[in-house]
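What follows is calculated from the coordinates using simple rules that are stated; it is not laboratory data. All figures in this text were calculated on a predicted structure; none of them were measured in a lab. Quick reminder, even Gly has a Cβ in these numbers, built from the backbone with ideal geometry, and neighbours come from all protein chains shown.
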Amino acid sequence: MEVIITSDYDEMSRVAAAVIRRQILRKPNCVLGLATGNTPVGTYQELIRLHREEGLDFSKVATFNLDEYIGLQPAHPQSYNYFMREQLFNHINIAPGNVYIPNGMAEDIDGFCQWYEGQIQARGGIDLQLLGIGRDGHVAFNEPGSSLGSRTRLKTLTEETIEDNARFFDDPSEVPNFAITMGVGTILEAREIVLIANGENKAPVCAKFIEGPVTATVTASALQLHPSVIVVLDEGAASQLQRRDYYNWIQNQKRKLSGIPSQVSFVGRPVAE
Ligand code: PGA
């Protein structure tokens, strides 16, 4: 994993958006995996800015979202479908036919999940997957104990996740208990992954998934098995890492050595030595 420690949420968001921009410039018809939650909002704002001010072109890009609540209509303000349109899709030139979000109203959930996996394959697989992380270590809704080989499926949410997400609902009892989520195995098939996290409340879980053992108890730790992962943290989320000096040293070395650029050297500020 390449761990990039940024000074604050805005810089974390700019770095993540720059990784996505680089992917789109390399392959204009790329397939992006997208995430919801508070963490990626700034990344999406930066992508909208890049579209408006620098002409970043999404017209050939396809997207697959990680997850969706069971039982919420796409028009429900707390659905992830609604979130994505409000936070990103309504503000860029993506083709509606290129947008895939799990259907939480599907009658045949298992059939839908198989279809979703098939669509990812039919589009050539995910080139770059954006991830957040839950306090319990989940990526997408792969709660603790999820198989590290899991595929897109129905998942029962933990009480901790339901509590965390209750803040978005007027009535906390309305938070769905179930979701459709891509599996850990599905996520690991993406060619490149960028995980973002900010705030001190994410510090314990970031220390666990980056520096602890690979375990289904912290599903994000499975990213240690992936050959191309960038983790972008702010100072708060990085505050419990044991090897943060080393991660910063690596970034500084990459900036110094021509020919071995940092993954995102064109956006990163020099880290103070
Ligand atoms: P958050 O959620 O971005 O709102 O913290 C992350 C997650 O649960 O995956």
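Remarks
- Computed on the chain, with alpha-carbon pairs under 8 angstrom and 6+ residues apart, the relative contact order is 24 percent.
- Cα gyration tensor shape of segment 1-157, rounded if a/c is under 1.5, else prolate or oblate by comparing a/b with b/c: prolate
- Across 240, 253, 23, mean-square fluctuation computed from a Gaussian network of the chain (C-alpha pairs under 10 Å connected) peaks at 253.
- Straight-line reach from residue 202: taking Cα to Cα under 29 Å and skipping same-chain neighbours fewer than 8 places apart, the lysines in range are 155, 254.
- In the chain, taking the dipole from charged Cβ atoms about the Cα centre, the farthest positive-side position among 206, 12, 88 is held by 12.
- Between residue 25 and residue 73, the FRET efficiency estimated from the beta carbon spacing at R0 = 41 angstrom works out to 0.70.
- The charge dipole of segment 1-115, taken about the Cα centre with unit charges on the Cβ atoms of Lys, Arg (+1) and Asp, Glu (-1), comes to about 500 debye, rounded to the nearest 20.
- Each Lys and Arg Cβ is given +1 and each Asp and Glu Cβ -1; about its Cα centre, segment 112-248 then shows a dipole of about 520 debye.
- A Förster radius of 22 Å, combined with the Cβ-Cβ distance separating residue 177 from residue 147, puts the computed FRET efficiency at roughly 0.65.
- The chain, helix-only ellipticity at 222 nm - DSSP H runs n ≥ 4, -39,500 (n - 2.57), divided by all residues, nearest 500: -10000 deg cm²/dmol
- Charged-residue dipole, Cβ positions (Lys, Arg, Asp, Glu), the chain about Cα centre, Debye nearest 20: 1220
- Using alpha-carbon coordinates, inclination of helix 244-256 to the longest axis of the chain, degrees: 70
- Taking the longest Cα principal axis of the chain as reference, the axis of helix 109-122 is set at about 40 degrees.
- Taking the C-alpha atoms only, the angle from helix 41-54 to the longest principal axis of the chain is near 70 degrees.
- Amide H partners (placed H, <5 Å) of residue 34, local residues excluded: 64, 65, 66, 130
- Peptide ranges 79-91, 169-181 listed from the most packed, as the mean C-beta count within 10 angstrom indicates: 79-91, 169-181
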